[in-house]
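Below is one structure; the comments refer to it alone.
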Amino acid sequence: MNTIIAKAGVDDEHMYEQAAEILRSGGLVAFPTETVYGLGGDALNPDASHKIYSAKGRPSDNPLIVHIADTDSVYELAEYVSDDTKKLMEAFWPGPLTIILNKKAVVPHTTTGGLDTVAIRMPSHPVAMKLIKDSGVYIAAPSANLSGRPSPTTAHHVQQDMDGRIDMIIDGGAVGIGIESTIVDMTGDRPTILRPGYITPEMIKNIVGDVTIDPAITGMNNALRPKAPGMKYTHYAPKGELSIVEGERLVAAERIRSLVAEKRAQGYKTAILCDTENVGLYNDGVCENIYDAGSKKNEITVSAGLYSLLRTCDDIGAQYIYSESFEEGDMGYAIMNRLIKAAGHRIIKC
Ligand code: TXA
Ligand code: MG
């Protein structure tokens, strides 16, 4: 398949027309959202969802998020919309919050991975918004990466994974947030966070007064089954072995330097992910591929670049990757959730 690549802002009229036509006829279009790039298909067309699963190489029991452009759409897709759900929609849409509700029959089980619930999100990215409106379809879109690869934050990443596998890629530049939306399940007694993201538990609590976090995603208890099926898969794993080194700033840096020295002496290629302020700690003449992963003081600089850095580690062929911990602050929890998964729970405490 020849994948069309179009840059937003160049010949928009033609681009949106072409993309909308592809979506309406059951094809796949990758597009930017404020979180990560999505791989879009008509959410109500089972053939389109099949195509999404096969383009991504994704297990078909892992449900897709349905993207909408106005709140009325929720009532067409979902069975019951509580007052709390309405409050969340009002507070955070358009934006990086996905809400799980009971689905109506119109949403095919292929889109929901066989579940009777549906994940709905109204993205704030102008390209995503216009694409949904112009096409007139609800767009089912997982992140536009091959299953197991870091989610794409640029059109180039999408191209690396999807060129030749989908009909079109819309290049809208680098995304702003860089990690996927917060998912909140509103089908139970209490709002439950199934995936942490830019919208924090605190922010949700401020609107609806109560929130809990799916215990399967918080800790080390691998026996618990996450309620978001996608959270159970090893995600975002770089090809090299990634470890997170946790500890006081100077102690952790010392440990990373000695781990790197040891691996390099054995002939391995290494990489380091560290806070902007700590880059200088690794200039010892032994460390190589020292990547500034942003500043804990401004977490969006960390989230925005995280997946891209993991891809860079693959591109340079890093065999051992050591990352500092980024656990402070509001979004620190979401960032660490992704990093810990990428590291396959390999954490070195010192
Ligand atoms: O930011 C995002 O949410 C991006 C952009 C493209 O919008 N999309 C995204 O989709 O991250 P994906 O498919 O990579 O992740 C969707 C997650 C999976 O973990 C999936 O299991 C969960 O949402 N999910 C979807 N529908 C669900 C449902 N009905 N119940 C529980 N979890 C669900
Ligand atoms: Mg994904």
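Residue-by-condition table, conditions (1) under 20 Å from MET122 (Cα atoms); (2) touching a strand residue (DSSP E or B) at 6+ places or on another chain (Cβ under 8 Å); (3) among the polar types (S, T, N, Q):
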{"residue": "GLN160", "(1), (2), (3)": "no, no, yes"}
{"residue": "GLY173", "(1), (2), (3)": "yes, no, no"}
{"residue": "THR192", "(1), (2), (3)": "yes, yes, yes"}
{"residue": "MET203", "(1), (2), (3)": "yes, no, no"}
{"residue": "THR212", "(1), (2), (3)": "no, yes, yes"}
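Taking the conditions exactly as written (open to solvent by 20 Å² or more (accessible area, probe 1.4 Å) and in a loop (DSSP other than H, G, I, E, B)), does GLU328 satisfy them or not? Don't jump to the end; show me each part of the working.
Numbers: open to solvent by 20 Å² or more (accessible area, probe 1.4 Å): yes; in a loop (DSSP other than H, G, I, E, B): yes.
Criteria met by GLU328.
Kindly indicate which of ALA43, ALA20 is of a type in the set (Gly, Ala, Ser), surrounded by fewer than 20 Cβ atoms within 10 Å (Cβ to Cβ) and touching a Ser or Thr at 6+ places or on another chain (Cβ under 8 Å).
Details: ALA43 fails: surrounded by fewer than 20 Cβ atoms within 10 Å (Cβ to Cβ).
Only one candidate passes the filter, namely ALA20.
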**Report entry** Meets criteria (open to solvent by less than 30 Å² (accessible area, probe 1.4 Å) and either over 24 Å from LYS239 (Cα atoms) or among the hydroxyl-bearing types (Ser, Thr, Tyr) (or both)) for ILE207
**Finding:** no
**Report entry** Counted residues, region 114-131 - those being open to solvent by 20 Å² or more (accessible area, probe 1.4 Å) and part of a loop (DSSP other than H, G, I, E, B)
**Finding:** 5
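Out of region 173-185, which residues are assigned to a loop (DSSP other than H, G, I, E, B) and either more than 12 Å from ligand 1 (Cβ to nearest atom) or open to solvent by less than 30 Å² (accessible area, probe 1.4 Å) (or both)? Don't jump to the end; show me each part of the working.
Going residue by residue through region 173-185, those that are assigned to a loop (DSSP other than H, G, I, E, B) are 173-181.
Within region 173-185, GLY173, ALA174, VAL175, ILE177, GLY178, ILE179, GLU180, SER181 meet the criteria.
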Query raised in the report: Got at least one residue in region 87-94 being within 12 Å of ligand 1 (Cβ to nearest atom), out of contact with any Asp or Glu (no Cβ under 6 Å at 6 or more places or on another chain) and aliphatic (A, V, I, L, M)?
Result: no
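Taking the condition at pLDDT 95 or above, open to solvent by 40 Å² or more (accessible area, probe 1.4 Å), under 14 Å from ALA144 (Cα atoms) and within 16 Å of ligand 2 (Cβ to nearest atom), does SER49 pass? So that I can check it myself, show each step before the final result.
Numbers: at pLDDT 95 or above: yes; open to solvent by 40 Å² or more (accessible area, probe 1.4 Å): no; under 14 Å from ALA144 (Cα atoms): yes; within 16 Å of ligand 2 (Cβ to nearest atom): yes.
So SER49 fails the test.
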Query raised in the report: Of the residues GLY148, GLY113, which is in contact with a Pro (Cβ under 8 Å, 6 or more places away or on another chain) and within 16 Å of ligand 2 (Cβ to nearest atom)?
Result: GLY113
Query raised in the report: Inside region 139-166, can you point out the residues that are away from ligand 1 (no atom under 12 Å from the Cβ), open to solvent by less than 40 Å² (accessible area, probe 1.4 Å) and in a loop (DSSP other than H, G, I, E, B)?
Result: THR154, GLY164, ILE166
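Any idea which of ASP189, ASP134 is away from ligand 2 (no atom under 16 Å from the Cβ), of a type in the set (D, E, K, R), on the phi < 0 side of the Ramachandran plot and outside any loop (DSSP other than H, G, I, E, B)? Don't jump to the end; show me each part of the working.
Working: ASP189 fails: outside any loop (DSSP other than H, G, I, E, B).
Of the residues listed, the single one that is away from ligand 2 (no atom under 16 Å from the Cβ), of a type in the set (D, E, K, R), on the phi < 0 side of the Ramachandran plot and outside any loop (DSSP other than H, G, I, E, B) is ASP134.
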Report summary line: Only one of (1) crowded, with 23+ Cβ neighbours inside 10 Å; (2) touching a helix residue (DSSP H, G or I) at 6+ places or on another chain (Cβ under 8 Å) does not apply to ILE65, and that is (2)
Report task. Please work out if THR276 is in contact (Cβ under 8 Å) with a residue 24 or more places away in the chain and in contact with a Leu (Cβ under 9 Å, 6 or more places away or on another chain). Result -> no
Query raised in the report: For region 230-278, how many residues are under 20 Å from MET336 (Cβ atoms), aliphatic (A, V, I, L, M) and open to solvent by 10 Å² or more (accessible area, probe 1.4 Å)?
Result: 4
Query raised in the report: Within region 68-108, how many residues are under 20 Å from ASN45 (Cα atoms), open to solvent by 30 Å² or more (accessible area, probe 1.4 Å) and among the aliphatic types (A, V, I, L, M)?
Result: 2
Report summary line: Note on ALA20: of the conditions (1) in a loop (DSSP other than H, G, I, E, B); (2) among the hydrophobic types (A, V, I, L, M, F, W, C); (3) over 19 Å from ARG195 (Cβ atoms), unmet is (1)
Requested in this report: Give the residues of region 72-94 that are of a type outside the set (A, V, I, L, M, F, W, C), within 23 Å of the chain's Cα centre (by Cα) and closer than 20 Å to GLY209 by Cβ, sorted by residue number.
Outcome: THR85, GLU90
Report summary line: Going through region 288-338 in order, the residues found to be touching a strand residue (DSSP E or B) at 6+ places or on another chain (Cβ under 6 Å) and hydrophobic (A, V, I, L, M, F, W, C) are ILE290, ALA293, LEU309, CYS313, ALA318, ILE321
Requested in this report: Assess whether GLY285 counts as being on the phi > 0 side of the Ramachandran plot and either surrounded by fewer than 17 Cβ atoms within 10 Å (Cβ to Cβ) or of a type in the set (Asp, Glu) (or both).
Outcome: yes
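The values are calculated or read from the model by the stated rules, or taken from the named source; none is laboratory data. All figures in this text were calculated on a predicted structure; none of them were measured in a lab. Methodologically, a virtual Cβ is constructed for each residue, glycine included, from the backbone with ideal geometry; neighbour enumeration extends over all protein chains shown. Please note that ligands, DNA and RNA were not included when accessible areas were found on the heavy atoms of the full protein model with its side chains. Shrake-Rupley method; radii C 1.70, N 1.55, O 1.52, S 1.80 Å.
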